[in-house]
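Before any comments, here is the structure.
Rule-based calculations on the coordinates, nothing more; no lab input. What you are looking at is a predicted structure, and each value in this text was computed from that prediction instead of being measured. Heads up, the Cβs are rebuilt from the backbone with ideal geometry, glycines too, and the neighbour counts pull from every protein chain shown.
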Amino acid sequence: MSFTTDQIYKWLEEVKDPEIPVLSLVDLGVITSVTIHNNAVEIEMTPTFVGCPALDIMQQEIKTALMARGIASVNVSVNFRQPWTSDRISEKGKKALKQFGLAPPQDAIFSDIDMLEHVPCPKCNGTDTELKNVFGPTLCRSIHYCNTCREAFEQFKPIH
Ligand SMILES: [Zn+2]
C-alpha cells in the first residue's frame, strides 16, 4: 500500500486532544513533521506544554490510528526544538474550541493584561469579562467570568 503525507495528516485529524475532544492534534498544531519511509511513518510532535498531561496517551493514539490504516510501523518522537505557541492552533481549531465553550487563545497583538482581563466570552462574544484564576483545571487553561452572561468560562491560555 502507498500513502502520502497529506493522507497521514488527514488520518491524524481523527486523533483528538484527550482533554478537548473536539480539537484534533493537527488543528492544535502539535504535529511538526511527518516522514514516510516505505511502509513506516515517522511523526514528530511538539506538545503544548512541557509536562502537559496526556503526552503518552497522545503518542499511543497516533500509533493506533495510523496502524489501523495499515501502516506497519509508526514511530512518534517528541521534540522541543521550537516551542509550541498558541498561534499554531488553526482557524478551524479555534472555531472548535469556541463551540466547545472554551475561549480560544488571543493573538499576540494584545498585551498580556488584555489577554487575560478582557477575554471575549465564547457564548456572547462580549468583552465585559474578568480573570478569576490564572490556573484552571489544567495548566493550559485560565478561568474567567462574563458579566453579561453571569457565568464563568475557561480560556485556552495564549502562549507566545
Ligand atoms: Zn458572555
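A few points about this structure:
- Highest-fluctuation residue, Leu12, Leu25, Leu139 considered, GNM on the chain with Cα pairs under 10 Å: Leu139
- In the chain, lysine pairs with alpha-carbon atoms under 20 angstrom apart (chain gap of 8 or more, or interchain): 22
- Least to most buried among Ser77, Ser90, Ser24 (fewest other Cβ within 10 Å first): Ser77, Ser90, Ser24
- Each residue in Ser86, Ser33 was given a count of other beta-carbon atoms within 10 angstrom of its own, and listing them fewest first yields Ser33, Ser86.
- Residue order, fewest to most beta carbons within 10 Å, for Ile57, Ile43: Ile57, Ile43
- In a DSSP loop and with at most 13 other Cβ atoms within 10 Å, the chymotrypsin sites (Phe, Trp or Tyr not before Pro) in segment 1-94 are Phe80.
- Among the chymotrypsin sites (Phe, Trp or Tyr not before Pro) in segment 114-160, those located in a DSSP loop and surrounded by at most 16 other Cβ atoms within 10 Å of their own Cβ are Phe135.
- The H on the amide N of Lys132, modeled in the peptide plane, is under 5 Å from the matching H of Ile143, His144, Tyr145, each at least 5 residues off or on a different chain.
- Folded to 0 to 90 degrees: helix 55-67 orientation relative to the chain principal axis, Cα: 40
- Theoretical ellipticity at 222 nm over the chain - DSSP helices of four or more residues, -39500 (n - 2.57) apiece, nearest 500: -6500 deg cm²/dmol
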